[in-house]
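Inspection log for the structure reproduced underneath, given as structure tokens.
The values are calculated or read from the model by the stated rules, or taken from the named source; none is laboratory data. Just so we're clear, the structure is a prediction, and the values are computed from it rather than from any experiment. Cβ sites come from the backbone with ideal geometry, for glycine too, and all protein chains shown count toward neighbours.
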């Protein structure tokens, strides 16, 4: 962990040692349902969006989504650094998942590394154990291929890992206090996502997405077989 922190500090120093302009971008998206790594978060539509700033190889921003039940909003700040890797587009970064700007308990962070070359891309996400052991150490791997065909952008993505549920499931309880004394970790699951997107204007686009489980041996997982639609405006 100390070596990783030192490496990130060096990269940040390199970022601000070069002359670069600060840029800002973002998007607002309406989805027919909120699906995250194969799991439908709740029934009904969601309004989502990103606001991002950039400076040289550094990108920073926040992703947001309306929620139901546990919170009003999901508010996920993130930071990423582009790595010099020749023809390969590579980056590392971290995301902090929070709700209602940290006023709702349950915030966790993940770190990631991604790489892409041409139509192929891969990303690996890791959440270390957190919250006094209530959040298990879990991972997720995304592999994707994209291409343009008949006026639309098409992609197929395969996701695999233990992200079907962050929280450890209790399997035994103390007879006197009722507190959980034993837990079981999530088994690895796999999902396949098919996406077709179409740019209507330079700023406005629509997408059709179909997500289905292909590996689901975890009895505690909540993977969805679901079709959802999205409409996005970027700025």
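For the structure I just gave you, tell me whether residue 181 is more than 22 Å from residue 32 (Cα to Cα), assigned to a loop (DSSP other than H, G, I, E, B) and at pLDDT below 85. For residue 181, the condition - more than 22 Å from residue 32 (Cα to Cα), assigned to a loop (DSSP other than H, G, I, E, B) and at pLDDT below 85 - is not met.
Scan region 184-235 for residues that are without any contact (Cβ under 8 Å) to a residue 24 or more places away in the chain, under 20 Å from the mean Cα position of the chain (by Cα) and assigned to a loop (DSSP other than H, G, I, E, B) and the total you get is 1.
Summed over region 81-138, residues that are more than 21 Å from residue 65 (Cα to Cα) and out of contact with any helix residue (DSSP H, G or I) (no Cβ under 7 Å at 6 or more places or on another chain) total 35. The test for being over 30 Å from residue 154 (Cα atoms) and under 17 Å from the mean Cα position of the chain (by Cα) holds for residue 98.
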